[in-house]
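Report on the following structure.
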Amino acid sequence: MKNRVVITGIGVVAPNGVGIDAFKKAIKNGESGITFHQELEDLNFSCCIGGIPKISEEKKLEYLTPLQLRGFNSSGILYGCIAGMDAWKDAGFTIDANSDLDFDSGTIFGTGTSGVEKFREAIYKLDDKQVKRLGSTVVVQTMASGISAFLGGILGLGNQVTTNSSACTSGTEAILMGFERIKNGQAKRMLVGSCSDDGPYIWGGFDAMRVMTYKHNQSPKEGSRPMSASASGFVPGAGAGALVLESLESALARNATIYAEVIGGNINSGGQRQGGTMTAPNADAVQRCITDAIKNAGIPSEDIDVINGHLTATSKDGLEIENWTKALNRKGTDFPYINSLKSMVGHCLAAAGSIESVATVLQLKDQFVFPNINCEDVHPEISELISEEKIIKKVLKTDLNIAVKASFGFGDVNGCVIFKKYN
């Protein structure tokens, strides 16, 4: 008998809102967190806009001690700790440095590149022959599993504590990995999510590839335009999202608030074959990821009410919509509502799947569909496939039962998770 898995806590650090209340208000109102960054212009970036969460020094001290913050220079780990700790507290647990070790709880928390600013700082010191001045926290701030190591220690987690990394699919993959662990009875609770650093050393490679927009340096909030005919590339973002997954039995035993249920999903790869490359999706694999996720969840495709797509505001948006229509065998007015959080926060890279999953879960909990901003001119390739009324431009209050979140990442990797309203 497999365990049912529910979500009992959420936390988020996003460019348009830090904390659930601020984030929910922002996504309902269609508020963008994209701003201009002089540093990028000074470094000769073509794209000088991006989404960076706003966190004060006082805010940092609410989560990490002065000792932990000494020599601390890893934005992704900071974002992940805030989102993860918020989700843990939201689930009804206390955070106590002297608490007992909890063998029933673990974390799978994804990232892409961890602590790149700390790496840069360390490299300069080493090149200057100052190895003895590196400090004792370089390793934990720059190792890939730094975020799960921080959260594991802060929360006293005794179950699996690890970091996964699958580019833009990392957050969605982490959710599915935690879901499987609880479903199979190997843990009662898993803190899952992902985080991403911000800044030029993360974003520079994408600027060099010319996949980011250069047309909106004077109008940053209009820059991220998923599904739009005038889309000209993605806008980079950063942050973290976190969810506490828990067996239904455990959640009911402690009378926890339940946001939604995770009912299934799938992870696969296109193998960089049949049109798939390091940066482009294999359409057959994307469709199979979706259909296998639906099969795993045990639902008909007609039951899906809303899709939170990957939809990055690049030339591949039309192909993604085509893949959805084929996988679901639904098009025109029969297609589910679809939105892209990236219109408000940009593409948060390794953090995208988890931040967008938090938004998806909030939609189910509060029964609304958040709007797609900057999409007044739906791309003709897309409007030929699905009715424009399914691409919501203003927040919609409606009955929702099943929501899907999908991520398609660099390396031709795919993830799709299916959430259901908890009754």
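The values are calculated or read from the model by the stated rules, or taken from the named source; none is laboratory data. Note that the structure is predicted; figures quoted are calculated from it, not measured. No Cβ is skipped: glycine too gets one built from the backbone with ideal geometry, and neighbour counts run over all protein chains shown. The accessibility values were calculated without ligands, DNA or RNA, using every heavy atom of the protein model including side chains. Shrake-Rupley method; radii C 1.70, N 1.55, O 1.52, S 1.80 Å.
On the stretch given as the range 296-320, residues that are touching a strand residue (DSSP E or B) at 6+ places or on another chain (Cβ under 6 Å), under 30 Å from Gly204 (Cα atoms) and of a type in the set (A, V, I, L, M) total 1. The strands (runs of 3 or more DSSP E) falling completely within the range 337-423 that include 3 or more residues that are β-branched (Val, Ile, Thr) map to 413-420. Only one entry of Asn16, Asn29 meets the criterion of being touching a residue at least 12 places away in the same chain (Cβ under 8 Å) and open to solvent by less than 70 Å² (accessible area, probe 1.4 Å), and that entry is Asn16. Has the range 282-290 got any residue that is within 25 Å of His347 (Cα to Cα), of a type in the set (S, T, N, Q) and either open to solvent by 20 Å² or more (accessible area, probe 1.4 Å) or within 22 Å of the chain's Cα centre (by Cα) (or both)? Within the range 282-290, one or more residues are within 25 Å of His347 (Cα to Cα), of a type in the set (S, T, N, Q) and either open to solvent by 20 Å² or more (accessible area, probe 1.4 Å) or within 22 Å of the chain's Cα centre (by Cα) (or both).
Of the residues screened, Ser170 is one that is closer than 22 Å to Lys118 by Cβ and either surrounded by 19 or more Cβ atoms within 10 Å (Cβ to Cβ) or over 20 Å from the mean Cα position of the chain (by Cα) (or both). If the condition is being aliphatic (A, V, I, L, M), open to solvent by 60 Å² or more (accessible area, probe 1.4 Å) and either within 18 Å of the chain's Cα centre (by Cα) or under 30 Å from Lys188 (Cβ atoms) (or both), then the range 254-281 contributes only Ile267. Exactly one residue among Val140, Val161 is without any contact (Cβ under 8 Å) to a residue 24 or more places away in the chain and of a type in the set (A, V, I, L, M), and that residue is Val140. Residues that are open to solvent by less than 30 Å² (accessible area, probe 1.4 Å) and aromatic (Phe, Trp, Tyr) within the range 46-83 comprise Tyr63, Tyr79, listed in sequence order.
On inspection, Val131 qualifies as out of contact with any Leu (no Cβ under 7 Å at 6 or more places or on another chain) and open to solvent by 60 Å² or more (accessible area, probe 1.4 Å).
Looking across the range 103-113, the residues that are under 25 Å from Val139 (Cβ atoms) and open to solvent by 10 Å² or more (accessible area, probe 1.4 Å) come down to Gly112, Thr113. Taking strands (runs of 3 or more DSSP E) as the structural unit, those lying wholly within the range 23-127 and holding at least 3 residues that are modelled with pLDDT of 95 or more and not β-branched (Val, Ile, Thr) correspond to 105-111.
Cβ separations smaller than 8 Å between residues 6+ apart or across chains give no pair from the range 397-420 residues that are without any contact (Cβ under 8 Å) to a residue 12 or more places away in the chain and open to solvent by less than 10 Å² (accessible area, probe 1.4 Å) to residues that are of a type outside the set (Phe, Trp, Tyr) and not in a strand (DSSP E or B).
Do we have Phe72 as more than 24 Å from Met344 (Cα to Cα) and more than 19 Å from the chain's Cα centre (by Cα) here? The answer is yes for Phe72. The set of residues from the range 220-231 being open to solvent by less than 30 Å² (accessible area, probe 1.4 Å) and assigned to a loop (DSSP other than H, G, I, E, B) comprises Gly223, Ser224, Arg225, Pro226, Met227.
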